[in-house]
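Here the structure is laid out as structure tokens; the discussion comes afterwards.
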Amino acid sequence: MRHVVVDDWSRGASPLHRRDPRAKLICLLVLLVAVNVQARFAPALLALGGAMVAAGLLVAGLPVWPFLARTAVALPFAAVLAATVALAGDPARAGLVLVRSWLSASAILLLASTTPLPQVLRALRAFRVPVLLVELIQFIHRYLFVLAEQVWRMRSAAAARGGQASYRAAAGAVSTLFARSYDRAERIHQAMLARGYSGELPVASEAPAREADYLLVAAVVSAFAAVAFWMRSCNR
Amino acid sequence: MHIPDGFLSPPVWAALDAVSLPAVAVIARRAKQSADEGRLPLLGVLGAFVFAAQMINFPVAPGASAHLLGGALLACTAGPGAGVIVMTAVLAIQALVFQDGGILALGANVFNLAIAGVLMGYLPYRLLAGGRFRAAGIFLGGAASVLAGGFLALGQLVLSGVAIGETVARLSVAFFVANALAEGLITLAVVRALERMNPSFVQAPPEALRAPVRRLGGAAAVLAGAGFLIASAAPDSLETIAEHAGIAAREIVLLPAPLAGYELAGVPVDWVAKAVAGLAGLVLVWGASAMAGRLLARRSR
């Protein structure tokens with residue numbers, strides 16, 4: 001699956017990978033808000049946001065072209081809206097829409113590529129996101145792999161028997177797929193319960209935030225604040 | 001694709017975040033209390049299936065494709081409360097891992113698909129499940145969830161200042177309707193298949209509403225959605241008197257309302273603007289009355 005690559009990237013060991021996921025999540029939110037706020041000096045904030053994402057990309061040591069290719073996935077959709085806006089007579093706004101959505105997607109991808117999903121979910125729990133939601137995200141994310149594996153097995157079995165693709169066959173296959181996935185999930189769940197699963201996956205050790213994490217958040221927040229104040233005073 | 005960051009204006013996405021996140025938190029807490037542990041695998045598999053279904057695009061018009069949403073399916077199998085949480089989980093995974101939908105816009109996507117989509121998918125099922133029209137209830141649930149999600153998204157874009165021309169508006173409506181029909185049919189087929197496999201997969205509907213309640217609900221929906229066709233366009237008595245007495249100019253608007261004048265502003269297709277406003281108002285009033293009723297019932301115990 002395509003996103004398995006992002007999973008691999010997220011297991012790196014660069015200084016950015018080693019930052020506390022809570023700090024990285026706060027930085028992401030600050031960046032997204034700064035980039036998506038409407039102001040006359042929006043281009044300056046956008047430029048700063050872009051510079052931050054580029055810096056993060058370099059520090060994390062991620063491959064540049066594959067990263068950019070993934071951020072471009074949402075571009076066609078944004079291009080359609082930008083075209084609608086431009087045709088309605090506001091090309092500046094159309095450009096802003098394109099740049100904003102591309103930059104936001106890059107920032108989110110940067111977080112996903114430097115933080116394994118279980119760590120992101122731990123950060124969400126630290127921010128009081130409901131347990132049920134976090135556990136479901138964890139389960140669904142893993143079941144996607146289970147599902148993909150089942151589909152691959154059924155397809156190779158069908159191909160080995162000379163199967164024909166048809167709607168009826170597909171409908172039957174989907175039902176069987178559901179039944180098998182559910183059985184397997186049920187067995188895994190029972191196994192977890194037998195091993196003492198109490199509704200939340202326990203964490204081995206919550207590493208406390210280090211100075212570098214606080215520095216990262218402070219740097220991001222003060223950079224945006226500084227640019228915002230400077231641009232406002234310049235415009236007076 | 002879901003709404004990415006950069007499409008909506010800050011008041012719109014901030015307001016939707018402020019509404020959706022607490023709503024999801026409350027629903028999650030109640031779902032956790034009422035659901036037993038054994039349901040988690042079913043919810044997880046349903047979520048994975050809805051995720052996979054959303055990746056399948058089917059053509060609805062030359063040059064345009066739509067994808068399934070799965071809100072009604074979740075409502076029928078996991079129930080409305082758990083369905084909201086499962087859909088929120090799917091949207092969160094799509095935003096975080098697949099960059100499909102923004103993080104700031106997550107509140108908007110959750111509101112459109114997880115809250116409105118799942119609940120509008122549940123409503124026809126709840127109303128019609130006990131009687132002969134169960135299949136129609138499931139089909140209408142699928143259609144209603146797509147229409148609700150689509151029009152809400154369109155409205156949010158319009159509120160954010162994106163000028164939707166008339167052609168684009170008509171095209172969007174056509175796509176939504178095509179998508180809604182497909183979703184209704186597929187939801188019905190999948191729910192039937194699941195029932196045959198194991199009847200406990202599908203949520204047993206609570207006792208059917210009495211016929212008068214159902215008829216009243218149906219009549220209300222028709223009136224709200226299509227009543228403007230027979231309504232007079234002349235101003236009502238209060239407005240007429242205000243005009244004649246010369247005090248109409250004293251009107252002050254304290255807060256701009258999204259559905260001012262019972263119309264969705266900015267949508268050039270007139271009947272869409274009125275129908276959406278009417279139905280949105282109906283759903284809001286119904287929701288508020290239901291919640292007030294629950295609170296009062298709890299107090300009186």
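The values are calculated or read from the model by the stated rules, or taken from the named source; none is laboratory data. This structure is a prediction, so every number in the text was calculated from the model and none was measured. Heads up, the Cβs are rebuilt from the backbone with ideal geometry, glycines too, and the neighbour counts pull from every protein chain shown. The protein model used for the area step is the full one, side chains on, heavy atoms only, and it has no ligands, DNA or RNA in it. Shrake-Rupley method; radii C 1.70, N 1.55, O 1.52, S 1.80 Å.
Quick notes
- Scanning the stretch A:30-47 for any residue that is at pLDDT below 90, surrounded by 17 or more Cβ atoms within 10 Å (Cβ to Cβ) and either at positive phi or basic (Lys, Arg) (or both) turns up nothing.
- Being touching a Lys or Arg at 6+ places or on another chain (Cβ under 6 Å) and more than 18 Å from B:Gly281 (Cα to Cα) is not true of B:Leu106.
- Consider the stretch B:61-80 and keep the residues that are under 14 Å from the mean Cα position of the chain (by Cα) and in a helix (DSSP H, G or I). The one that is modelled with the lowest pLDDT is B:Pro80.
- Residues that are within 11 Å of chain A (Cβ to nearest Cβ), within 29 Å of B:Ala169 (Cβ to Cβ) and either open to solvent by less than 10 Å² (accessible area, probe 1.4 Å) or outside any helix (DSSP H, G or I) (or both) do not occur anywhere in the stretch B:127-148.
- Among the residues examined, B:Gly266 qualifies as at pLDDT below 70 and open to solvent by less than 100 Å² (accessible area, probe 1.4 Å).
- Filter pass, A:Thr71 being at pLDDT below 90 and within 15 Å of the chain's Cα centre (by Cα): yes
- B:Pro41 at the interface with chain A (Cβ under 9 Å from one of its Cβ atoms) and closer than 22 Å to B:Leu74 by Cα: yes
- Note on the stretch A:52-145: enclosed helices (runs of 4 or more DSSP H) holding 2 or more residues that are more than 9 Å from chain B (Cβ to nearest Cβ) and more than 27 Å from B:Ile27 (Cβ to Cβ) are A:64-71, A:75-87, A:91-114.
- Screening A:Ala207, A:Ala223 for residues that are modelled with pLDDT of 85 or more and surrounded by 10 or more Cβ atoms within 10 Å (Cβ to Cβ) leaves exactly one candidate, A:Ala223.
- For beta carbons closer than 7 Å, sequence separation of 6+ or different chains, a first residue in the stretch A:26-48 that is in a helix (DSSP H, G or I) and a second that is open to solvent by 60 Å² or more (accessible area, probe 1.4 Å), the qualifying pairs are A:Val30/A:Val221; A:Leu46/A:Val99.
- Residue that is nearest to the other protein chains (Cβ to nearest Cβ), among those in the stretch B:154-167 that are assigned to a helix (DSSP H, G or I) and buried (at least 22 other Cβ atoms within 10 Å of the Cβ): B:Leu157
- Any hit, the stretch B:228-240, residues being in a helix (DSSP H, G or I), closer than 30 Å to B:Val168 by Cα, over 18 Å from the mean Cα position of the chain (by Cα) and modelled with pLDDT under 75: yes
- Checking the stretch B:208-215 against the condition returns no match, with no residue being surrounded by 21 or more Cβ atoms within 10 Å (Cβ to Cβ) and under 21 Å from the mean Cα position of the chain (by Cα).
- Residue within the stretch B:7-14 that is in a helix (DSSP H, G or I) and either among the aliphatic types (A, V, I, L, M) or in contact with a Lys or Arg (Cβ under 7 Å, 6 or more places away or on another chain) (or both) present: yes
- Of all residues in the stretch B:1-29, those that are touching a residue at least 40 places away in the same chain (Cβ under 8 Å), under 20 Å from A:Arg125 (Cα atoms) and at the interface with another protein chain (Cβ under 10 Å from one of its Cβ atoms) total 4.
- Among the residues of the stretch B:97-106, just one is crowded, with 24+ Cβ neighbours inside 10 Å and part of a helix (DSSP H, G or I), namely B:Leu106.
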